[in-house]
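Structure first, then comments.
The values are calculated or read from the model by the stated rules, or taken from the named source; none is laboratory data. Because the structure is a prediction, the values reported are computed rather than measured. Cβ: placed from backbone, ideal geometry, glycine included. Neighbour counts: every protein chain shown. To get the accessible areas, we keep the full protein, side chains included, count just its heavy atoms, and leave off ligands, DNA and RNA. Shrake-Rupley method; radii C 1.70, N 1.55, O 1.52, S 1.80 Å.
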Amino acid sequence: MEHINKYISENKERFIAELIELLRIPSISADPEYTKEVANCANAVAKSLTDAGADNVEVCKTAGHPIVYAEKIIDSSLPTVLIYGHYDVQPADPLELWDSGPFEPVIKKTDKHPDGAIFARGACDDKGQFYSHVKAFETMMNTGTLSCNVKFMIEGEEEVGSENLGVFVKENKERLKSDTILISDTGVISNDTPSITTGLKGLSYLEVEVTGPNRDLHSGLYGGAVANPINILCEMIASMKDKDNRITIPGFYDDVLDLSEDERADIARAPFSLDQYKKELDLSDIHGEEGFTTMERTGIRPTLDVNGIWGGYTGEGAKTVIASKAFAKISMRLVPNQSDEEITKKFTNYFKSIAPDSVRVKVRPHHGGEPYVSPTDIPAYLAASKAMETTYGKKPVPVRSGGSIPIVALFEKELEVKSILLGFGLDSDAIHSPNEHYGIFNYLKGIQTIPHFFANYVKYY
Ligand code: BES
Ligand code: MN
Ligand code: MN
């Protein structure tokens, strides 16, 4: 592994410069205005894989944004690692809250990143993380240390639900055949407390519309005499949780697996400081379901949150009006063994049932996804754990995440292969937010750790 470290340290400035170039491409999958940029980004990813030494590099067209596929098959008797990542990014707004342009990467030091961090949309989620696989692959190729076959599948629609990747996977099962799937699109507890994500939440995401009167009304002439859809929507949302912050949708918890005392003890073992948590978020108190710790609330309990709410007048000054309509976007994060389809149904029925006769409601489901759990006793997990132990000098802690990567459950179902979530970001890296960033330390640590995964996996599998 000596020569690997040497290769990385001799090339790290270039590794950083290349990532910065990739971050300049605004590959926003949600916004049709950026379709060309998304395609440009796919081409750049393909070129980087060719340059790193991959074969059969292909930019695969889909009904949406392209998927980049590449491989290096060195010996069919060796195990195959499928690398998954996404080159698309979230929209950058609100732009005014960025200290520098979201697609004009700059390196700045922060408290958490004394060696500097690259500030740009997608730096951590997921360009910096998947690109560490491209550079780790280059490193293994150029030091003659690649010990497994490797396949890359880097998609452009993760942030919008991966619908076309689902189709691609079903149509390319043979091509995607692998022994394990390795993904860096999650995080570690901190740079001196490594962790491996062992669970991802499922997701049910809906938009609701509440209609009162057939037009906007003068709030004096009609106020108090007709249903105000904004008031009603707020009441309906409020009634979806009880005083213990439990979700009141009938049957919501029916399929939730109860955790054993041992599993709860495991979760409690992961280092966590409530004081620091509150301080970082400027909170004087936390909030959540009665009877569960913060780590349990985010890791193993299902949740319901309003992601956006609008209606009526929100411009400058005051306008006295009762709006005709009110809207909200609502997400529910799901845990094993809940099904997004079931939950979407239960939500819809309940939401309609609690609407008073004075309004009409519509519920529109968006994309969803099933939860995922990774075992900690399979060769790939052990290979990842040992790899991190080597490069961080500490054994990583298994952690259930509150985030979702819906395609991972589909990989398991369609390809019958487990995924390992070997992420290197920090929760404080502001993914999906203004001033997203990724530590230089984290980027390089990823590039160092991945070759160890390969070396261990060929021994353990
Ligand atoms: N990489 C994130 C998910 C993530 C981040 C998991 C950190 C664990 C730790 C992914 O890109 C993401 O943002 N997923 C979305 C779901 C998707 C359907 C839009 C999410 O979790 O909101
Ligand atoms: Mn991601
Ligand atoms: Mn994301």
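Odds and ends about this structure:
- Set side by side, the residues Ala355, Ala380, Ala326 differ, and just one is closer than 25 Å to Ser195 by Cα and more than 15 Å from ligand 1 (Cβ to nearest atom), which is Ala380.
- Only one entry of Ser190, Ser132, Ser204, Ser178 meets the criterion of being within 16 Å of ligand 2 (Cβ to nearest atom), modelled with pLDDT of 95 or more and within 28 Å of Pro375 (Cβ to Cβ), and that entry is Ser132.
- The numbered conditions (1) among the hydroxyl-bearing types (Ser, Thr, Tyr); (2) over 26 Å from the mean Cα position of the chain (by Cα); (3) farther than 27 Å from Ile230 by Cα are all true for Tyr277 except (2).
- Set side by side, the residues Asn164, Asn149 differ, and just one is away from ligand 2 (no atom under 16 Å from the Cβ), polar (S, T, N, Q) and under 19 Å from the mean Cα position of the chain (by Cα), which is Asn164.
- Flag for Asn149 being surrounded by fewer than 24 Cβ atoms within 10 Å (Cβ to Cβ) and farther than 26 Å from Glu37 by Cβ: yes
- Check on Met141, hydrophobic (A, V, I, L, M, F, W, C), touching a Phe, Trp or Tyr at 6+ places or on another chain (Cβ under 6 Å) and either modelled with pLDDT of 95 or more or open to solvent by less than 30 Å² (accessible area, probe 1.4 Å) (or both): no
- Residue match in the range 252-270 (condition: of a type in the set (D, E, K, R), assigned to a helix (DSSP H, G or I) and farther than 20 Å from Gly199 by Cβ): no
- The listed residue being modelled with pLDDT of 95 or more, within 16 Å of ligand 1 (Cβ to nearest atom) and either in the same structural domain as Leu182 (by TED's automatic domain parsing) or among the aliphatic types (A, V, I, L, M) (or both), out of Leu95, Leu23, Leu49, Leu82: Leu23
- Some residue of the range 119-132 being crowded, with 24+ Cβ neighbours inside 10 Å, more than 16 Å from ligand 3 (Cβ to nearest atom) and touching a residue at least 40 places away in the same chain (Cβ under 8 Å): yes
- For the range 165-177, the count of residues that are surrounded by fewer than 23 Cβ atoms within 10 Å (Cβ to Cβ) and of a type in the set (Asp, Glu) is nonzero.
- Test result for Pro114, in a loop (DSSP other than H, G, I, E, B), within 16 Å of ligand 2 (Cβ to nearest atom) and farther than 30 Å from Asp179 by Cα: no
- Residues being acidic (Asp, Glu), part of a helix (DSSP H, G or I) and open to solvent by less than 10 Å² (accessible area, probe 1.4 Å) - total across the range 419-449: 1
Matching residues to (1) in contact with a Leu (Cβ under 7 Å, 6 or more places away or on another chain); (2) in a loop (DSSP other than H, G, I, E, B); (3) open to solvent by less than 20 Å² (accessible area, probe 1.4 Å); (4) not aliphatic (A, V, I, L, M):
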site: Tyr69; (1), (2), (3), (4): no, no, yes, yes
site: Leu82; (1), (2), (3), (4): yes, no, yes, no
site: Ser100; (1), (2), (3), (4): no, yes, no, yes
site: Glu104; (1), (2), (3), (4): no, yes, no, yes
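- Every condition in (1) among the polar types (S, T, N, Q); (2) in contact (Cβ under 8 Å) with a residue 40 or more places away in the chain; (3) assigned to a helix (DSSP H, G or I) is met by Gln276 except one, and the failing one is (2).
- Taking residues in the range 84-111 that are without any contact (Cβ under 8 Å) to a residue 12 or more places away in the chain, and partners anywhere that are open to solvent by 90 Å² or more (accessible area, probe 1.4 Å) and outside any strand (DSSP E or B), the pairs with Cβ atoms closer than 8 Å and at least 6 places apart or on different chains are Lys109/Asp115.
- Only residues that are surrounded by fewer than 19 Cβ atoms within 10 Å (Cβ to Cβ) and in a helix (DSSP H, G or I) were counted in the range 393-418, giving 5.
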